[in-house]
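Report on the following structure.
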Amino acid sequence: MTVRRTSCNLCEAICGVLVTVENGRVTDIRGDESDPLSRGHICPKAVALRDLQEDPDRLTTPVRRTSDGWEEIDWDAAYKLVVDKLTGIQKEHGRNSIGVYLGNPNVHSLGALTHMPTMVRQLRTRNKFSATSIDQLPQMLSSYLLYGHQLMVAVPDIDRTSYLLILGANPLASNGSMMTAPGFGRRLKDVRKRGGKVVVIDPRRTETAAVADEHHFVRPGTDAAFLLALIHEVISLGAARPAEYIDGFAAVEEAVEAWTPERAAAITGIPADVIRRVAGEFATADRAACYGRVGVSTQQFGAICQWAIQVLNIITGNLDRPGGTMFPRPAVNTLLGMGRGHVGVWKSRVRGLPEFGGELPVSTLAEEILTPGDGQIRAMVTVAGNPVLSTPNGRKVDEALGSLEFMVAIDPYINETTRHADVILPPAPPLERDHYDVVFHQLAVRNTARWNDAVLPKPADARHDWEIFRDLGLALVRRTPWSRRRVEVMARLRLSPRRIVDAGLRIGPYRLSVAKLRKSPGGIDLGPLQPALPGALLHKSKRIDLAQRMILDDLPRLDSLAAVSADELLLIGRRHLRSNNSWMHNSARLVKGKPRHQLLMHPHDLAERALIDGQLVTVTSAAGAISVEVASSNDIMPGVVSLPHGFGHNRAGARLTIANQVAGQSANDITDAGLTDAVAGTAAVNGVPVTVTAS
Ligand SMILES: Nc1nc2c(c(=O)[nH]1)N[C@H]1C(S)=C(S)[C@@H](COP(=O)(O)OP(=O)(O)OC[C@H]3O[C@@H](n4cnc5c(=O)[nH]c(N)nc54)[C@H](O)[C@@H]3O)O[C@H]1N2
Ligand SMILES: Nc1nc2c(c(=O)[nH]1)N[C@H]1C(S)=C(S)[C@@H](COP(=O)(O)OP(=O)(O)OC[C@H]3O[C@@H](n4cnc5c(=O)[nH]c(N)nc54)[C@H](O)[C@@H]3O)O[C@H]1N2
Ligand code: SF4
Ligand SMILES: [Mo]
């Protein structure tokens, strides 16, 4: 029996875990008390790492689709088939005829981060999509505009704050996002123990609201009005104190002038006196931080919301001070490894939506495949993504993937998306991989570092994800004429993730190395976050300009926040602690217990429609209709219904023995690809108008 240390990579909390291995099998997984960041915290998903390891549905060798099922093939044959097809299609139809979709687990795998971008670049296509545009894109945009880098994210310093204002996030279910703070619940309780205050703004009284001091319902999609009114109030109180390196304050003052608490109250449903009080408390708190996540990103005014959150933190003097919002300083500087970002350098072919950081909004994926013409996508590469369940108008995406000439998926499962692939290349699972977190240390509430060797050996005929990217990348680049670039790319692809992390650690701010970190497999503490501005800003001017044209020009659109018609309800999403987007439903341990797929609806809204708790209802939007069970809940705002995404398995051809028995429909069969944030095209999956009738 041996006990090995690693970190759980299933969500952004990166909890340290102790894994007991007996005779080559995992027999126990528990929290690692010695981890300076997670301090022993884990959630029920950690033990599912073992289920992933042992899942008989998980692929371990490449498969090729045949007329009547799937056939195993060897790695070299699979690579050759894929590269022949992709280069052939590009030769005939141009380089943009290949589309790429990158899903969420990529950011949780070291090997994907070190090798996937180089492989994808060899395809030289502009038709790149990822989960970013149905997630944190507005936050990355505001980081890019204000601080000069798309990943220079200001993180709430939760362990020292005395006032935390949370909008559209439910960290007690999600464990925190764009803010790595394992044990979020305990950290929130500590804020209150220190005499601080936690306020939650959400259309649902969530698990997080339940442990906060205050919760206020907000009408979905209207938070921008609330935030502008807060800024208006802070300014009228004379409490604005922007730092010397802030420009554009006058433009903000002008922009919020008309946003009185009364005006915002009429739109948001949050009473004017509450808006006034929260603004006053925020402005006068010793240390305050405002934080907003998915609920204020994936909605029609996501970009305004995320900009306004930064402005509120900045003008109250809370940016870059302990207890406010601060910039982490990780041992490997992630910002160096990726571009600063750009926006609107090119547009999508069909709808003209802008690129951000080289990616187009995923809401336009299906139409880019289905609309004939020059530049049409004929083949897809999906990597760790399940867009059929995860992106708007999923049925259309399903249809589009089914129409392709060729598709390859790098994924361990035959699921709703990958069942359309011609070839699936499965990477080795998390417990067989070395890990250092290059993304989430960059977003963590404390500076720490940990390197972990793989817990279990990888079988000889399995491949790590980085090896798959290396081999595909090398095969693609070998087909291009000789050049200095070609030599460099090949050399880069051949470096192991360990070598890359080691180099990053050595040139990093703490001059560490993999060898040094391996001596402390529970991780090392590098201390609390430190003030860093204006020196750390990545704008040459070392100044922050609040007056961002893209955002200010979008403000008049807020006037169009029209009242929905009387029979309409607004659909929002939710997450559950034992679920993980669309892909963890094949673990019996996680899916057992009470069903979690129901549509939550307020008893008044049920009564008005003569519906009862537990019955099947039809939910209809502009995109389509689904039939789901309804559950009555006093915790949801009247006029709003909530449905989690990632359900709706059991599609022909998927091989998910347990997930296929899980009830529920896909929320994204009724979210609308036509509904996006006008600024950067982020999918607005929250605040979708729907009607609900008896099925
Ligand atoms: N309506 C609605 N839709 C949403 C959201 C919402 O709140 N509401 N949330 C959105 C958000 S925030 C996100 S991030 C997206 C997620 O969207 P996606 O990333 O498209 O979907 P996931 O469900 O995370 O699917 C992950 C896929 O990766 C595979 N996988 C798992 N581990 C690995 C691995 O180590 N390597 C590889 N190569 N593959 C792996 C799984 O089998 C699965 O196919 O969904 C979005 N969709
Ligand atoms: N257990 C679990 N953990 C996860 C995931 C998972 O699927 N399961 N997914 C991971 C991923 S990919 C991500 S991105 C993170 C997301 O992390 P969070 O953003 O914390 O995730 P959610 O629980 O979806 O919280 C969003 C909240 O926004 C609210 N909301 C919806 N519309 C609005 C609105 O218009 N205004 C306001 N103010 N609120 C609104 C919803 O009611 C919900 O409570 O979680 C990660 N962690
Ligand atoms: S909170 Fe749960 S899923 Fe997230 S890293 Fe920790 S143990 Fe894993
Ligand atoms: Mo996400």
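The values are calculated or read from the model by the stated rules, or taken from the named source; none is laboratory data. All figures in this text were calculated on a predicted structure; none of them were measured in a lab. Positions of Cβ are backbone-derived with ideal geometry, glycine not excepted, and every protein chain shown enters the neighbour counts. Surface areas here come from the heavy atoms of the whole protein model, side chains and all, with no ligands, DNA or RNA. Shrake-Rupley method; radii C 1.70, N 1.55, O 1.52, S 1.80 Å.
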Checklist line | Reachable lysines from LYS347, criterion Cα separation under 20 angstrom, eight or more residues apart if same chain | finding: LYS128
Check: Per-residue HN-Hα couplings for the stretch 522-528, Karplus 6.51 cos²θ - 1.76 cosθ + 1.60 at θ = phi - 60°, whole Hz, x for Gly and Pro?
Finding: x, x, 10, 8, 10, x, x
Notebook entry, point to check: How large is ³J(HN,Hα), in whole Hz, for each residue of the stretch 300-307 in order, when computed from phi with the Karplus curve 6.51 cos²θ - 1.76 cosθ + 1.60 and θ = phi - 60°, using x for Gly and Pro?
Noted result: 5, 10, x, 5, 4, 4, 5, 5
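Between THR61 and ASP213, what length comes free when the chain is fully extended (0.36 nm per residue of separation minus the Cα-Cα distance, one decimal in nm)?
Values: separation 152, 0.36 × 152 = 54.72 nm, distance 5.15 nm.
Gain on extension, THR61 to ASP213, equals 49.6 nm.
Mind listing which trypsin sites (Lys or Arg not before Pro) in the stretch 588-640 are in a DSSP loop and have 13 or fewer other Cβ atoms within 10 Å?
LYS592
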Check: In sequence order, what are the phi-derived ³J(HN,Hα) couplings for the stretch 366-377 according to the Karplus relation 6.51 cos²θ - 1.76 cosθ + 1.60 with θ = phi - 60°, rounded to whole Hz, with x for glycine and proline?
Finding: 4, 5, 5, 7, 8, 8, x, x, 4, x, 5, 6
Checklist line | Dipole-positive endmost among ILE73, THR118, ILE29 within the stretch 1-152 (Cβ charges, Cα centre) | finding: THR118
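Would you work out the charge dipole size for the chain about its Cα centre, treating the Cβ of every Lys and Arg as +1 and the Cβ of every Asp and Glu as -1, and quote it to the nearest 20 debye? If you can, show how the numbers build up before the last one.
Working: 80 positive and 73 negative charges, 487 e Å.
The calculation lands at about 2340 debye.
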Notebook entry, point to check: How high is the relative contact order of the chain, in percent, with contacts defined as C-alpha pairs under 8 Å that are six or more residues apart?
Noted result: 19
Next item on the list: Give me Rg over Rh for the stretch 562-694, both radii from the alpha carbons and Rh done the Kirkwood way, two decimal places.
Entry: 0.97
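Under the Kirkwood approximation for Rh and a Cα-based Rg, what ratio Rg/Rh is obtained for the stretch 269-398? List each step's numbers first, then the result.
Working: Rg = 20.1 Å, Rh = 18.5 Å.
Answer for the stretch 269-398: 1.08.
To the nearest 500 deg cm²/dmol, what mean residue ellipticity at 222 nm is calculated for the chain from DSSP H runs of n ≥ 4 alone, each contributing -39,500 (n - 2.57), summed and divided by the residues?
Details: 24 runs with 206 residues, N = 695.
Roughly -8000 deg cm²/dmol at 222 nm, from the helical runs in the chain.
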Checklist line | Dipole of the chain, positive end: most advanced residue of ALA331, LEU145, MET550 [Cβ charges, Cα centre] | finding: ALA331
Notebook entry, point to check: Of ASN660, ILE572, ASN686, which is farthest on the positive side of the dipole of the stretch 562-694, counting Cα position, with +1 on Lys and Arg Cβ, -1 on Asp and Glu Cβ, and the Cα centre as origin?
Noted result: ASN660
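Find, among the trypsin sites (Lys or Arg not before Pro) in the stretch 67-132, those assigned to loop by DSSP (not H, G, I, E, B) with at most 13 other beta-carbon atoms within 10 angstrom. The partial results should precede the final answer.
On the way: sites: LYS80, LYS85, LYS91, ARG95, ARG121, ARG124, ARG126, LYS128; in loops: ARG124, ARG126.
Answer in residue order: ARG124.
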Next item on the list: May I ask you to give the solvent-accessible area per residue for the chain, in square angstrom, as obtained with a 1.4 angstrom probe?
Entry: 36
Note to self: Going by Cα centres, the stretch 676-695 and the stretch 262-326 are how many Å apart?
What the structure shows: 23
Check: For the stretch 1-15 and the stretch 456-516, what is the separation of their Cα centres, given in Å?
Finding: 23
Checklist line | Whole-Å distance, taken between Cα centres, linking the stretch 93-125 and the stretch 594-646 | finding: 38
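Relative to the Cα centre, what is the charge dipole magnitude of the stretch 562-694, using +1 at the beta carbon of each Lys and Arg, -1 at the beta carbon of each Asp and Glu, and rounding to the nearest 20 debye?
On the way: 10 positive and 10 negative charges, 181 e Å.
Dipole about the Cα centre, nearest 20: 860 debye.
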Checklist line | For VAL26, net neighbour charge (Lys/Arg +1, Asp/Glu -1) across residues whose Cβ lies under 13 Å away | finding: -1
Margin query: Once neighbouring chains are kept in place and the probe is 1.4 Å, which whole percent of the accessible area of the chain is contributed by carbon and sulfur?
Written below: 51
Next item on the list: Would you mind counting up the charge near PRO528? Only other residues with Cβ under 15 Å from its Cβ, with Lys and Arg at +1 and Asp and Glu at -1.
Entry: +3
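Test of the criteria: in the stretch 485-540, which trypsin sites (Lys or Arg not before Pro) are in a DSSP loop and have at most 16 other Cβ atoms within 10 angstrom of their Cβ?
Numbers: sites: ARG485, ARG486, ARG492, ARG494, ARG498, ARG499, ARG506, ARG511, LYS516, ARG518, LYS519, LYS540; in loops: ARG511, LYS519, LYS540.
Sparse-neighbourhood loop trypsin sites (Lys or Arg not before Pro): ARG511, LYS519, LYS540.
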Checklist line | Principal axes of the chain: Cα extent on each, largest first, Å | finding: 68, 61, 53
Next item on the list: Considering Cα pairs under 8 angstrom that are at least six residues apart, work out the relative contact order of the stretch 562-694 and quote it in whole percent.
Entry: 35
Next item on the list: Please report the relative contact order for the stretch 144-190, taking Cα pairs under 8 Å with a sequence separation of at least 6, and give it as a percent rounded to a whole number.
Entry: 30
